[in-house]
Amino acid sequence: SQTIHQWPATLVQPVGSPLSLECTVEGTSNPNLYWYRQAAGRGLQLLFYSVGIGQISSEVPQNLSASRPQDRQFILSSKKLLLSDSGFYLCAWKLLAGQLNTEAFFGQGTRLTVV
Amino acid sequence: GENVEQHPSTLSVQEGDSAVIKCTYSDSASNYFPWYKQELGKRPQLIIDIRSNVGEKKDQRIAVTLNKTAKHFSLHITETQPEDSAVYFCAASKPSSASKIIFGSGTRLSIRP
């Protein structure tokens, strides 16, 4: 069966420090991968998505970047964190069956607090 | 790009009553509409989805309706129970290689005992 791992679960970082959040998927190949951010009491904002190794699309200009060095690995990074980067970060994956959309599965999330 | 609007942002209903959450989408090419439930501090999880080739789908106490012409879809929860308290998100997705899932802003549902 497929599983998604995301870590760390919680993180407190000072302003100006770097960030690296990692997400890996097991039990499937060539998934679409996504990073979302959820501010406190808010909705899910799509940050990045990837349809394959090295292919990253950004949805919102910001202080963050993403990379996909391996088929089932998706990394969210920042060189210098801002206070506004605080939030709940969720990684997700889904498969495409031709043109048929399918369910997306989320990791357990990382709660990032920038202080 | 696709935009999904969701209403209401908060909803409080008496246990046993019904709850309805409504969403509209902007891109007529969207063909997949999932609904996710997120309990406090946890990941969103799919509770029901509907594709554009059907108008209604039901799973026990949960049902979703889709009006493609008006570009809106709704979640209906009947006989609400305390465990239904959570944040609910609607979403829309198009048939493409990226298959981005665009979420609504969420509805915080509270069930009063």
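The values are calculated or read from the model by the stated rules, or taken from the named source; none is laboratory data. Just so it is clear, the model here is predicted, and its values are computed rather than measured. Cβ coordinates were reconstructed from backbone atoms using ideal geometry, including for glycine residues, and neighbour counts include every protein chain displayed. Each accessible area value is taken on the protein alone, full model and side chains, heavy atoms only, with ligands, DNA and RNA left out. Shrake-Rupley method; radii C 1.70, N 1.55, O 1.52, S 1.80 Å.
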**Study point:** Centroid-to-centroid separation of the range A:1-56 and the range B:1-48 [C-alpha atoms, Å]
**Key:** 22
**Study point:** Highest-MSF residue in chain B out of B:Ser18, B:Ser74, B:Ser99 [GNM, Cα springs under 10 Å]
**Key:** B:Ser99
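Taking the Cβ of B:Ser110 as the centre, find all other residues whose Cβ is under 11 Å away and add up their charges (Lys, Arg: +1; Asp, Glu: -1).
Details: positive: B:Arg108, B:Arg112; negative: B:Glu15, B:Asp84.
Overall, the nearby charge balance is 0.
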Point to revise | Heavy-atom SASA rank of A:Leu11, A:Leu33 (probe 1.4 Å, accessible area, largest first) | key: A:Leu11, A:Leu33
Study note, to complete from the structure: With all protein chains present, the protein assembly as shown has a carbon and sulfur share of its accessible area (1.4 Å probe) in percent of 50
Exercise for review: Place a label point 7 angstrom from the Cα of B:Leu11 along the Cα-to-Cβ direction, then list the residues of the range B:22-62 whose backbone nitrogen is under 11 Å away.
Suggested key: B:22-23
Practice item. For A:Lys94, go through the aspartates and glutamates and keep the ones whose alpha-carbon is under 18 Å away, minus same-chain ones fewer than eight residues off. Key: A:Glu22, A:Glu26, A:Glu59, A:Asp71, A:Glu103, B:Asp49
Point to revise | Cα→Cβ-extended label distance, 7 Å offset, between B:Leu40 and B:Asn3, nm | key: 3.3
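Going by the alpha-carbon gyration tensor, a ≥ b ≥ c the square roots of its eigenvalues, is the range B:7-113 rounded (a/c under 1.5) or, if a/c is not under 1.5, prolate (a/b greater than b/c) versus oblate? Could you put the intermediate results ahead of the total?
Values: a/c = 2.09, a/b = 1.63, b/c = 1.29.
Prolate, because a/c is 1.5 or more and a/b exceeds b/c.
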Review point. Under Stokes-Einstein, with the Kirkwood radius over Cα pairs standing in for Rh, what whole-number D in µm²/s applies to the protein assembly as shown at 37 °C and 0.692 mPa s?
Key: 181
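Give me the summed buried accessible area for the B-A pair, 1.4 Å probe, to the nearest 100 Å². Intermediate results must be reported in sequence, preceding the final value.
Working: alone 6540 and 6280 Å², together 10820 Å².
Buried surface at the B/A interface: approximately 2000 Å².
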Revision key, fill the gap. A student applying the Cα gyration tensor rule (rounded when a/c is under 1.5; otherwise prolate if a/b is larger than b/c, oblate if not) would label the range A:22-67 oblate
Revision key, fill the gap. If the chain between A:Val60 and A:Gln13 were fully extended at 0.36 nm per residue, the gain over the current Cα-Cα distance would be 14.7 nm
